[in-house]
Structure formats: C-alpha cells, structure tokens
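The values are calculated or read from the model by the stated rules, or taken from the named source; none is laboratory data. Computed from a predicted model, the values in this text were never measured in an experiment. All Cβ positions, even for glycine, are placed from backbone atoms using ideal geometry, and neighbour counts span all protein chains on display. The protein model used for the area step is the full one, side chains on, heavy atoms only, and it has no ligands, DNA or RNA in it. Shrake-Rupley method; radii C 1.70, N 1.55, O 1.52, S 1.80 Å.
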Amino acid sequence: MSPGEKGLSKSYILRAVEKSLQRLQTDYIDLYQSHFDDPETRIEETLDVYALLIRQGKVRAIGASNYTAERLSQALEIGKQPGHPGYQSLQTLYNLYDRADYETNLAPLCKKRGLGVFTYFSLASGFLTGKYRSEDSLAGRARGEMVRKYVNERGFRILNALDQVAKQLNSKPASVALAWLIARPSITAPIASATSLEQLNDMINATRLQLDHSSVQLLDQASTY
C-alpha cells in the first residue's frame, strides 16, 4: 500500500471505495474488508461510513482482516448497536503451522458470533507444498525469507505427515494441507494463489479430498503447538 493509502477513517474509505469500483468496473462490492485495524480511528467512525456505503448500494457486506480477538470483539459489539453494520467475516493467518493464535483467541469468538472465516497464507508461503526441505532450498526463492521461520523440526514433522497422507490418497502435500483447512469446522474457505496450471489443479483437487479421522489426527498431532 502506498504512503497515505491506508487506514479506516471516513475520508479515506470513501476515496478507496470509489477507486475500487473504478478498478473493478462495477457498481457494488460484495465484500469490503478492513484489511488492517486502525487504532487511530474510532471503530464507530469506520462502521458509520460502512453504513453509508451499504445504504448507497456500493457495498453489500463488510469483513475484518488481521484483527486481534480483543479488537474484533469490540467492533462486533459496536456493530450490534442500531445504525451500525456488523462485520460478517474474518480474514486471518491460519494454516497447519500457524495455528496457535487463531485457534486459541479468534476461533472461539468467530464460532460464537457466526463469522465466516477465510484463511490467508494457507500454504505457509509455499512451505506446505513441500518444495522447501532445507535451508539451501530457500536460496534465490522470492519467498525464501518468509519461509525461513518454518524450516525447523516442527515444520519438517508437518511435511512428513503431509507426505504420508498424500501418498495414501495419491495426492499432493499442497492438496492435503488445503483439505485439512477445508475440513476445519470454523473455516469457510482457504485463500491460496497459483502461478501455474499444476498448482491450480492441486488446489482444485483439495476440494475433492475427504480426509478420514486417522489422517486428520496424524496432521493435528504433527502440527501440535
């Protein structure tokens, strides 16, 4: 995001929505997300401008992203007040490796309030595809530094479990990792990106995999935090 092109103030959101409508060449946005919390702007101001945009028909629903459980809870309480729309979804970091914060703090809140949950970095910046098996494999990779934190004993334990399940299902580690997310009771859908048709097919195959109890248990135990 460019300097000055961020925040949840009324003036900025009004400008940003118009730019998004122009770029998308559409009259409305189905889901407009607060991509990052803005502690410098009152939550009431943000929800007030969303209420205006919803009345104007430019936005149909709103979601939060990268919120702590505490701040999300505050926003949801304010969203229950007359005249304020409520967040309908949460976009959050969650995958087989990055489990602790979401499962401990956010999942109970999302379940209680009925929020849809979309996970980003669903494949841990590519680590869960299995293409990074050592420190040497990070060299020259675009996401090498982002992946480095996963290259450790726990990370390799998760990869070994993914390999076992993928072999049993005649599938790929990436497909299994996404299927594990899809099977989580509080997850609406994982977000993942593809740079080739092969990667896209792996993602599509994830929607067809049915992980049995033993496979889920193996992955859960391997990724215990």
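The residue list Gly114, Gly126 contains one member that is out of contact with any Gly (no Cβ under 7 Å at 6 or more places or on another chain) and buried (at least 21 other Cβ atoms within 10 Å of the Cβ), which is Gly126. Scanning the stretch 65-82 for residues that are under 18 Å from Gly114 (Cβ atoms) and of a type in the set (S, T, N, Q) yields a total of 4. Could you list, in sequence order, the residues of the stretch 63-79 that are charged (D, E, K, R) and closer than 14 Å to Thr46 by Cα? Arg71, Glu77, listed by residue number. Applying the condition of being surrounded by 14 or more Cβ atoms within 10 Å (Cβ to Cβ) and without any contact (Cβ under 8 Å) to a residue 24 or more places away in the chain to the stretch 1-41 and asking which residue is farthest from Gln74 (Cα to Cα) yields Ser20. Highlighted here are the helices (runs of 4 or more DSSP H) found entirely within the stretch 161-225 that include at least 1 residues which are surrounded by fewer than 13 Cβ atoms within 10 Å (Cβ to Cβ) and not aromatic (Phe, Trp, Tyr): 197-206, 213-222. Return yes or no: is Tyr97 within 19 Å of Ile43 (Cβ to Cβ) and either more than 13 Å from the chain's Cα centre (by Cα) or surrounded by fewer than 20 Cβ atoms within 10 Å (Cβ to Cβ) (or both)? It is false that Tyr97 is within 19 Å of Ile43 (Cβ to Cβ) and either more than 13 Å from the chain's Cα centre (by Cα) or surrounded by fewer than 20 Cβ atoms within 10 Å (Cβ to Cβ) (or both). Scanning the stretch 42-64 for residues that are open to solvent by less than 60 Å² (accessible area, probe 1.4 Å), among the charged types (D, E, K, R) and out of contact with any strand residue (DSSP E or B) (no Cβ under 9 Å at 6 or more places or on another chain) yields a single hit, Glu44. Taking the criterion of being open to solvent by less than 40 Å² (accessible area, probe 1.4 Å) and touching an Asp or Glu at 6+ places or on another chain (Cβ under 8 Å), the residues of the stretch 65-91 that qualify are Tyr67, Ile78, His84. With respect to the stated conditions, Arg141 is at pLDDT below 95, surrounded by fewer than 21 Cβ atoms within 10 Å (Cβ to Cβ) and charged (D, E, K, R). Pairs linking a residue in the stretch 53-70 that is in a helix (DSSP H, G or I) to a residue that is open to solvent by less than 60 Å² (accessible area, probe 1.4 Å) and modelled with pLDDT of 95 or more, with Cβ atoms under 7 Å and 6 or more positions apart or on different chains, are Leu53/Val17; Leu53/Val59; Ile54/Pro85; Ala69/Leu106; Ala69/Leu109.
Cβ separations smaller than 6 Å between residues 6+ apart or across chains give the following pairs from the stretch 148-159 residues that are within 15 Å of Ser125 (Cα to Cα) to residues that are modelled with pLDDT under 95 and not in a helix (DSSP H, G or I): Leu159/Gly130.
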